[in-house]
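The values are calculated or read from the model by the stated rules, or taken from the named source; none is laboratory data. It should be emphasised that the depicted structure is a prediction, and the values quoted were computed from it without experimental measurement. Glycine gets a Cβ as well: all are built from the backbone with ideal geometry, and neighbour counts include every protein chain shown. Ligands, DNA and RNA are stripped out before the accessible areas are found, and what is left, the full protein with its side chains, is counted by its heavy atoms. Shrake-Rupley method; radii C 1.70, N 1.55, O 1.52, S 1.80 Å.
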Amino acid sequence: MAAFEPVRYAALTDVGVKRSHNQDACAAQPAVDATGFAAQGHVFVVADGMGGHAVGEKASAKAARDIPFLYTKHARDGGVLPALRRAFQEANSGIHEIGQQNPEFRGLGTTSTALVLRPEGAWIGHVGDSRAYRIRQGRAEQLTFDHSWVWEIAKRQGVDPDELGDFKKNVIIRSLGPDREVEVDIEGPYPVEPGDTFLLCSDGLTGVVTPQEVGAVVSALPPDEAARFLVHLANLRGGPDNITVLIVQVPGGGENSSGARSARPALLARLWSAWNRRVHWSFTVLGGGVGLALLSLGLQLGAVPGAAVLFSLAALLIVVGLGGLAVHMQKEEPPGAGDVAADLAPRELHVYRSHDCGVTPEVLEKFTQLETQLLEGMQAHNTPADYGAHAQLAKLAGAPGAKGEAVLPAFRARCRSILFLAEAFHKSRHKQELFRPSWTPPPYPQ
């Protein structure tokens, strides 16, 4: 994503079925032009508050509000890495101070995960167990490490966190607010390709919806529909926690394969940008001038016409290169330049877990079963809905058993017909309603 392009995004937060207050929050601050994109990029944040009464709401709202603002302020003076880290640390200090000054707010805290899309790639700032995923070419890649007890124990034992079952699954060991200082994970920059989709979410989604399902839905539906579908799916499975979903789609992908045509220019732009970060442009121009001078000499020796013109161009490049080199040598390093260089230096990129999320006949069948169960349950409880309109939508999905290229369109249509039912059910349900669909598929292979 070397050049500025508007991104498609959708954000949705929901209280869930069993909670009385929504302690999640999210924020989106996309760049509006190329200048803003080069300076700070597109910024997105998800936060999941912790604490009784309105305490968690206050912490998450402050994190979602302050982190984009603080990051943008610091990004003007330095690189993205220190700016993102300082934004989290200052937000932590502010939340901690509220807890210290108000006894009724003691213990308030929040997780937070931020995504920053910039010319050099995608950056992740992270504290807690809210997650960031990148969905690309049938894979859902988790780019954040859960700061939870179970993930820390699994890391020490060298096992998959799922192997530990529910052992202290919801115990968070790092968050914004409880302590005066906080360690912030900064990941990136991850290369961004046309059609990449990033998803930030709270554990209200990942606790009941698998990464395979998340990736399949995000791959099949536009961001707005995918966000609504995932929230409804989590609620249909009991909605035990607040649910927040923020989806960001990079332009260039999609059904028309336009991303394949734009991939080569984007790759060349990234290579050129990487070269310029390591070699000052004056050296490149000087090298080009010397090369042209040698070529003109060869043409002159061979009595080939055009040698004089080529030599004049070579001389011009050498003069420009020497001038740029002189300015570069005399110019003082601006404040924060060392931080920028550190940002752009090669860094280890982590993909903590990777899941196959391709849309297969098996996935389509699982969602068909979900629709059947939901429809039968709603009709048995006389839930008001336009069942005729739903039948028309379900018809577009076709009969079960789609294969090959027909699977993706059938899955997309099936998701939309389920979404129609889920929205009708959501309008009629109450917190203590007896009918609570809880469709849980068999586990996917890792």
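Summary of computed values
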item: Accessible carbon and sulfur surface of segment 1-53 relative to its total accessible area, %, 1.4 Å; result: 54
item: Overall Cα dimensions of segment 187-228 - principal axes, largest extent first, Å; result: 29, 23, 17
item: Along each principal axis, Cα extent of segment 77-194, largest first, Å; result: 50, 45, 20
item: Stretch gain in nm, segment residue 369-residue 325, where the contour uses 0.36 nm per residue and the Cα spacing is subtracted; result: 9.1 nm
item: Whole-number accessible area per residue in Å² for segment 107-162, which is evaluated in the context of all protein chains at 1.4 Å; result: 28
item: Convex hull of Cα atoms in segment 162-238, direction-averaged projection (nm²); result: 7.6
item: Segment 61-127: translational diffusion in µm²/s, Stokes-Einstein, Kirkwood Rh over Cα pairs, 37 °C, 0.692 mPa s; result: 262
item: Efficiency of FRET from Cβ geometry, residue 350 and residue 163, R₀ 22 Å, rounded to 0.05; result: 0.65
item: Square roots of 5 times each gyration tensor eigenvalue, C-alpha, segment 209-256, largest first, Å; result: 22, 10, 8
item: Residues of type aspartates and glutamates that residue 155 reaches as a straight line, Cα spacing below 17 Å, ignoring anything fewer than 8 places off in the same chain; result: 129, 146, 163, 166, 185
item: In nm, spacing of pseudo-spin labels at residue 39 and residue 406 (7 Å Cα→C-beta vector); result: 5.4
item: Over 31 Å between alpha carbons, listed pairs 395/427; 169/395; 73/169; 18/366; result: 169/395; 73/169
item: q = 0.17, 0.22, 0.26, 0.30 Å⁻¹: log10 I(q)/I(0) that the Debye formula gives for segment 279-325, counting C-alpha atoms only; result: -0.44, -0.64, -0.78, -0.93
item: Ratio of the Cα radius of gyration of segment 1-151 to 2.2 N^0.38 Å, where N counts its residues; result: 1.08
item: Sites residue 362 and residue 155 - FRET efficiency at Förster radius 41 Å, r taken between beta-carbons, to 0.05; result: 0.85
item: Per-selection Rg to Rh, segment 10-93 - Cα, Kirkwood hydrodynamic radius; result: 1.05
item: Principal axis box of segment 166-208, alpha-carbon based, largest edge first, Å; result: 39, 30, 16
item: Computed over segment 370-426, Kirkwood Rh from alpha-carbon pairs, angstrom; result: 11.7
item: Amide proton proximity set for residue 136, modelled H, under 5 Å, gap of 5+; result: 141
